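Below: one structure, written as structure tokens.
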Amino acid sequence: MREYAEIGIGREARRTYGLEDISIIPTRRTRSSKDVDTTWSIDAYHFDIPVCSHASDALASPEFIIEMGKQGGLGIINAEGLWGRVDDLAGAVEAVTKAENPTEHLQKLHALPLDVELLARRIAEVRESGVTVAVRVSPQRARELAPTVISAGTEILVIQGTLISAEHVSANGEPLNLKEFIGSLEVPVIAGGAVDYTTALHLMRTGAAGVIVGGGVNTNDISLGINVPKATAIADIAAARRDYLDETGGRYVHILADGMLANAGDIVKAIACGADAVVLGPLLAQAEEAPAGGWFWPSVAGHPSFPRGYVEIYSDIELGEGVTGEDQAFDPTTVVSKNSPLEVVLHGPSSDPFGRQNLVGGLRRAMAKCGYTDLKAFQKVDLAVH
């Protein structure tokens, strides 16, 4: 039963929960983490681990995307980022991290014309490596860019904004009807971010193979006043999936949680709430293969007039005098660690006691401690509210 609180005479608000508000409850049965299966699939594409990278140029060099695939995950390329705007991708990323006003500099770079041929060549380079190619486009430019990125080798199309609807209505142009658009494509589509039951159900009815909960690490809360705590958002959208499964007689839509995942424990709880996979940003910025050297920004940070994300350092942080790693251990926006190979970040071994490395190892151990051997079964684990 949903809980509501009175916030004033005649005005109520629903009580919701973030991942920090809940914990999983172990059962009487435990297993070895070696017996845990973390594989998942979307459409015809199979992955060893339920981890994707957020579509940010801070993560998405061709080398990083390829390494994500080799480590069993899925790297996502931002078609509207720097890949199709600058010849020297590494130099442009470094310039953002060294700029006096990084957000303003990123906006200038995003104002450069998009060279679709350059974008296509870089996508083709990743495709030639043999890893699965996923590319993100915004809802506003999906119709324009999808044919280019798909012909270049994109196998999974991601249509993502910080918030999305099933039909983007525009007074000055033809609206994007996702059902018609997705039906015209020959590749599976993941759409997001959604934060509520109704929107998610509408997205599922468009034919999307996956729905993203959230739009990455963004500032919607303080810039728009919009924020649904992650645990409630995932659980609500999982409920929409169950209803859609009944409605269609068995069509399963995958749920991917993106944003506010600060450690392995958050990943564990996101899947326990109903997610099939997670989309990580800052946690992956600490990987040596990440092109920004520990800096991170979401795909919406370069918006020309109203950015809802910012450029921030997440690893190799210099701690102030008298400040220890423990003091910053549970800050949800900060990763205090040294850069490590992506393999260590995902699979360990790690010497970090706060769950910021060996992320998949943490998930495997939690599942084993609760007696579960696969991700779908783990979505039924008991939860407690703090």
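In region 1-41, counting only strands (runs of 3 or more DSSP E) that sit wholly within it, the ones holding 2 or more residues that are more than 19 Å from residue 362 (Cβ to Cβ) span 4-8, 11-14.
Scanning region 341-358 for residues that are buried (at least 18 other Cβ atoms within 10 Å of the Cβ) and either in contact with a strand residue (DSSP E or B) (Cβ under 7 Å, 6 or more places away or on another chain) or part of a loop (DSSP other than H, G, I, E, B) (or both) turns up 342, 345, 346, 350, 352, 354, 355, 356, 357, 358.
With respect to the stated conditions, residue 170 is within 30 Å of residue 304 (Cα to Cα), at pLDDT below 95, more than 18 Å from the chain's Cα centre (by Cα) and not in a helix (DSSP H, G or I). Which residue is farthest from the chain's Cα centre (by Cα), if the candidates are limited to region 174-201 and must be modelled with pLDDT of 95 or more and among the β-branched types (Val, Ile, Thr)? Step by step, filter region 174-201, then rank; the result is 187. Against the numbered list (1) at pLDDT 95 or above; (2) open to solvent by 20 Å² or more (accessible area, probe 1.4 Å), residue 149 comes up short only at (2). As a summary of the residue check, residue 343 satisfies the conditions (1) modelled with pLDDT under 95; (2) under 27 Å from residue 91 (Cβ atoms) except for the one numbered (1). If you go through region 345-386 and keep only what is hydrophobic (A, V, I, L, M, F, W, C) and closer than 22 Å to residue 287 by Cα, you end up with 345, 346, 354, 359, 360, 363. Checking 135, 149, 96 one by one, the residue that is in a helix (DSSP H, G or I), in contact with a strand residue (DSSP E or B) (Cβ under 6 Å, 6 or more places away or on another chain), of a type in the set (Val, Ile, Thr) and over 26 Å from residue 362 (Cα atoms) is 149 and no other. Filtering region 270-321 to residues that are closer than 22 Å to residue 194 by Cα, more than 16 Å from the chain's Cα centre (by Cα) and modelled with pLDDT of 85 or more leaves only 272.
The values are calculated or read from the model by the stated rules, or taken from the named source; none is laboratory data. If you're wondering where the values come from, they're calculated on a predicted model, not measured in any experiment. Cβ atoms come from the backbone with ideal geometry, glycine included; neighbour counts cover every protein chain shown. Just the protein is used for accessible areas: all its heavy atoms, side chains included, with ligands, DNA and RNA removed. Shrake-Rupley method; radii C 1.70, N 1.55, O 1.52, S 1.80 Å.
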